[in-house]
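To keep things clear, I will list the structure first and then write my remarks on it.
What follows is calculated from the coordinates using simple rules that are stated; it is not laboratory data. None of the values given here were measured: they were computed from a predicted structure. With ideal geometry, Cβ positions are generated from the backbone for all residues, glycine too; neighbour counts draw on all protein chains shown.
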């Protein structure tokens, strides 16, 4: 690799580094800093070092919000994983001829506005909506189900919106698997079950972790899904942070919750890098 | 057989709400789910709504300028990242990947804090900065993917033959990464167009953009106009994504 940079390359790197440091790195340091400050009466921040914002998170009132949000995020992550894994496997092992097209139809919802996709669910879930009309028509139920503005609606909304974010990383990791390994195991008499549990799933672990990160974190933060479908406020950490910043003006407290999310992100990135390192180590043996 | 059935089921789940949304945007009935005949009334109403038109123009303005800047900063950065070793390269690399994973809400409040600290009025410029910031990593990843496998010895050869940096950039690198540049631009444009959470924090009261306008309308309930607007946004995204995917997939 070239070590001598021309002036052009220097400017390119400086521009990128400048932008990311000023507008991404620095603001996050600001959040970290503010999470140890106190709330001022007139100013946003009082420069007075304290751990109280983190202690406050453990307060029963707030803690139940966080716990509830984690419950939603975990259930969403598990549900999307259960739906996505077999689908990603089918896609990754489909004939090459159709694979690109099949993939495109997952990429489209991946990039489509989550707000539009959340909104689209209302017509289906509302009391006089299509789901109830269909179930009543079949005779499955006698009275329409109340789904909108309940936690079920939030689960459905999160699972629906975030499903593509689970499918794509898992697809990418399964596609990379050398299928000769599976063939070899088959020849040696491994059952379909042990082919999955001993080869395919362990080798696609980085994809599972990446997908879980891309689902878990947004399902803690996407307040508009909780707002539009759940109705109730303060249901998830994202709405909590928003309210601390925009309604209660308690920046330090909101910052401490944001730092918690960042911390979870780093933990998941750590898990991911360990899983990938594990695999590359094994494949060189 | 089971495979096809299951795959179709997932595709069905992914698309049915959007398909229904688009169908209902042409339904003459305002509130009920019953089909009362075809109409273009809701699309016509969109065109007459001045504040919606203004929000659309603002959104396109932000999307265009931020996608253009993100592509410029991201592509130049990616080329240098690929070609050279320098102090802090690893840090920059990590920052890029962390930004892609980073929860939007954290980016939203962190930028809000920065803007208030430097007393920058919330509006076009703050939105612009935020959108460039979340788009740049995606441009870099797209361009780096295109460059991977690019034989650096070609550049060495050109250098030995006396080509300047500018000639190398213009005649060797640029023609190779043009599809990734356009794809990066389109993806940035789409990201900007669809962003709700980050924009929610960094926009000012005088600068309305479409996703936030839709958000405030949706909170008041379902309206056929929103169906029409969402349908337009979906079709627009569809077009951009398909185009960008064709460009990414195009043979190197």
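Values computed for the structure shown
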{"item": "Packing-based exposure ordering (other Cβ within 10 Å, fewest first) of B:15, A:270", "result": "A:270, B:15"}
{"item": "Choice from B:231, B:180, B:34 with maximal GNM fluctuation in chain B (Cα, 10 Å cutoff)", "result": "B:34"}
{"item": "Which of A:19, B:35, A:251 has the fewest Cβ neighbours within 10 Å, and the rest in rising order", "result": "B:35, A:19, A:251"}
{"item": "For chain A: rounded, prolate or oblate by the Cα gyration tensor [a/c cutoff 1.5]", "result": "oblate"}
{"item": "10 Å Cβ neighbours from other chains, averaged over peptide A:83-90", "result": "3"}
{"item": "Computed helical MRE - 222 nm, chain A, DSSP H runs ≥ 4 contributing -39500 (n - 2.57), nearest 500", "result": "-23000 deg cm²/dmol"}
{"item": "Cα gyration tensor shape for the protein assembly as shown, rounded if a/c is under 1.5, else prolate or oblate", "result": "rounded"}
{"item": "Per-residue average of Cβ from other chains inside 10 Å of B:181-191", "result": "1"}
{"item": "Which of A:43, A:146 has the fewest Cβ neighbours within 10 Å, and the rest in rising order", "result": "A:43, A:146"}
{"item": "Separation in nanometres of the label points that stand 7 Å from Cα toward Cβ, at residue B:163 and residue A:187", "result": "4.6 nm"}
{"item": "Peptide-level mean, for B:206-216, of C-beta atoms on other protein chains within 10 Å", "result": "2"}
{"item": "Global form of region A:113-261, assessed from the alpha-carbon gyration tensor, a/c cut-off 1.5", "result": "oblate"}
{"item": "Full-stretch length increase - residue A:43, residue A:263 - with 0.36 nm per residue and alpha-carbon distance subtracted", "result": "76.5 nm"}
{"item": "Angle between chain B longest axis and helix B:89-101 axis [Cα atoms, degrees, rounded to 10]", "result": "10 degrees"}
{"item": "Estimated FRET transfer efficiency (residue A:201, residue A:67; beta-carbon r; R0 41 Å; 0.05)", "result": "0.90"}
{"item": "Of B:107, B:217, B:240, the one that fluctuates the most in a GNM where chain B has Cα springs shorter than 10 Å", "result": "B:217"}
{"item": "C-alpha long axis of helix B:50-83 to longest principal axis of chain B, angle in °", "result": "20 degrees"}
{"item": "Pairwise label distance in nanometres, residue B:64 with residue B:97, each label 7 Å out on the Cα-Cβ vector", "result": "3.7 nm"}
{"item": "Cβ-derived FRET efficiency at R0 51 Å, residue B:216 paired with residue A:270, nearest 0.05", "result": "0.85"}
{"item": "Folded to 0 to 90 degrees: helix B:2-24 orientation relative to chain B principal axis, Cα", "result": "60 degrees"}
{"item": "Mean ellipticity per residue at 222 nm, deg cm²/dmol - from DSSP H runs of n ≥ 4 across chain B, formula -39500 (n - 2.57)", "result": "-25000 deg cm²/dmol"}
